[in-house]
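Step one of this worksheet: look at the structure below.
The values are calculated or read from the model by the stated rules, or taken from the named source; none is laboratory data. What you are looking at is a predicted structure, and each value in this text was computed from that prediction instead of being measured. In this analysis, Cβ positions are derived from the backbone assuming ideal geometry, glycine residues included, and neighbour counts consider all displayed protein chains.
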Amino acid sequence: MRNLIDILDLSVEEIDELIKVAKSIMKSPLDYSKVCNHKKLATLFFEPSTRTRLSFESAMIELGGSVIGFSSANSSSTAKGESVADTVRTVGCYSDIIAMRHPKDGAALVASEKSPIPIINAGDGGHHHPTQTLTDLLTISAEKERLDNLTIGMCGDLKFGRTVHSLIAAMSRYKNNKFILISPEGLKIPEYIKKDILEKNNIEYIETADIEEYMDKLDIIYMTRVQRERFDSEDEYNKVKDCYVLKNKTLEKSKKDLCIMHPLPRVNEISVEVDEDPRAAYFRQVKYGKYIRMALIMKLLEEKDTIINKTKTNEEIVSDLKCKNPRCITSIEQELPNIYVYTNKVYRCKYCETINELLT
Ligand code: NCD
């Protein structure tokens, strides 16, 4: 079964092809208006969403298909204690493809292991958000006319911001991209992104807490919201909630062709005065999201019978090692096996990728 759980499930060539198809849909949408006739998309949103859910739904409708689903965990059988696996097995009897958002890291992977139809990860906790990344890549390709040789500033909540994690993974595969990672101390990028993506691929990156320090060097500034819902306490959130606000003044030294992005929703990370700046691309970014999701739905439905074996040779069940990440799907679904990927002498949870130590 072909799923999209992590942006790295797609090769660079496949991403380039999706971007090409999305651009062709933008030019002649009517040519695609019957492609998904008699097909159904199910949107299973266990967590709030405006753009992602509605763009999936309008994408399917514009392809001639139809949509079923729910937009909160409370209105599904999850409220009665049903597991993710049982929910997707059930929905798989009514539809052809699922877009799913869940508050726990790794939930989409669990779903894909049991689903009879393709699963698209529409955000799993603070972990990944591959379709936002496809949206971001189409935006960059349309606005900057390239995906390589870019200096990209990522600013705000780099710890819990799933869109940041997926975008770094994607942009690291194009030539000569550099990252300026701007965050307060407590919201720095997770170790696994630094080690497994940036350092492993020799990608240049700088960590700083100062948004203005490298502003004149940036081709893209990607602002993010502090992810209030992922904090352990309101006090912790209050300490960092207003860490950055992008204003016209902050942009004084920036390049004339800077591209200002944000996955949205914004709380106050970008002052509304910036909206008038022609370089503000965040509402155009929303529009690109629908077209790339149309291209993705078409691709996954076409390739739904492709067999992909994602089991890694170094996967191990360590029955007495419980993942320490409180936001991991294994923390609420007790019957899931404790599976780890063992590399470089560490056990990494298969579902959320957190590094766990084995007590000896
Ligand atoms: C993002 C998300 O849900 O991770 N929003 C989106 O999908 N466009 C960003 C956020 O919620 O801050």
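Tabulated data
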| item | result |
| --- | --- |
| Some residue of region 136-150 being farther than 26 Å from Glu47 by Cα, in contact with a helix residue (DSSP H, G or I) (Cβ under 6 Å, 6 or more places away or on another chain), among the small types (Gly, Ala, Ser) and free of Cβ contacts under 8 Å to residues at least 60 places away in the same chain | no |
| Residue count, region 262-300 (criterion: at pLDDT 95 or above, within 16 Å of the ligand (Cβ to nearest atom), of a type in the set (S, T, N, Q) and more than 18 Å from the chain's Cα centre (by Cα)) | 0 |
| Evaluation of Tyr282 against (1) under 13 Å from Thr139 (Cβ atoms); (2) crowded, with 21+ Cβ neighbours inside 10 Å (one fails), failing number | (2) |
| Residue list for region 215-238, filter: more than 23 Å from the chain's Cα centre (by Cα), surrounded by fewer than 19 Cβ atoms within 10 Å (Cβ to Cβ) and closer than 20 Å to Ser271 by Cα | Asp216, Asn238 |
| Lys253 over 19 Å from Ile220 (Cβ atoms), assigned to a loop (DSSP other than H, G, I, E, B) and of a type outside the set (Phe, Trp, Tyr) | no |
| Any chance Leu134 is modelled with pLDDT of 95 or more and not in a loop (DSSP other than H, G, I, E, B) | yes |
| Selection from region 83-140 of residues that are small (Gly, Ala, Ser) and either within 16 Å of the ligand (Cβ to nearest atom) or not assigned by TED's automatic domain parsing to the domain that holds Phe56 (or both) | Ala99, Gly106, Ala107, Ala108, Ala122, Gly123, Gly125, Gly126 |
| Verdict on Leu251 being within 16 Å of the ligand (Cβ to nearest atom), within 25 Å of Ser141 (Cα to Cα) and in the same structural domain as Pro278 (by TED's automatic domain parsing) | no |
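For (1) touching a residue at least 60 places away in the same chain (Cβ under 8 Å); (2) crowded, with 21+ Cβ neighbours inside 10 Å; (3) farther than 27 Å from Pro103 by Cα; (4) within 16 Å of the ligand (Cβ to nearest atom), each residue gets a yes or a no:
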| position | (1), (2), (3), (4) |
| --- | --- |
| Leu4 | yes, yes, no, yes |
| Glu14 | yes, no, yes, no |
| Val21 | yes, no, yes, no |
| Lys27 | no, no, yes, no |
| Met60 | yes, yes, no, no |
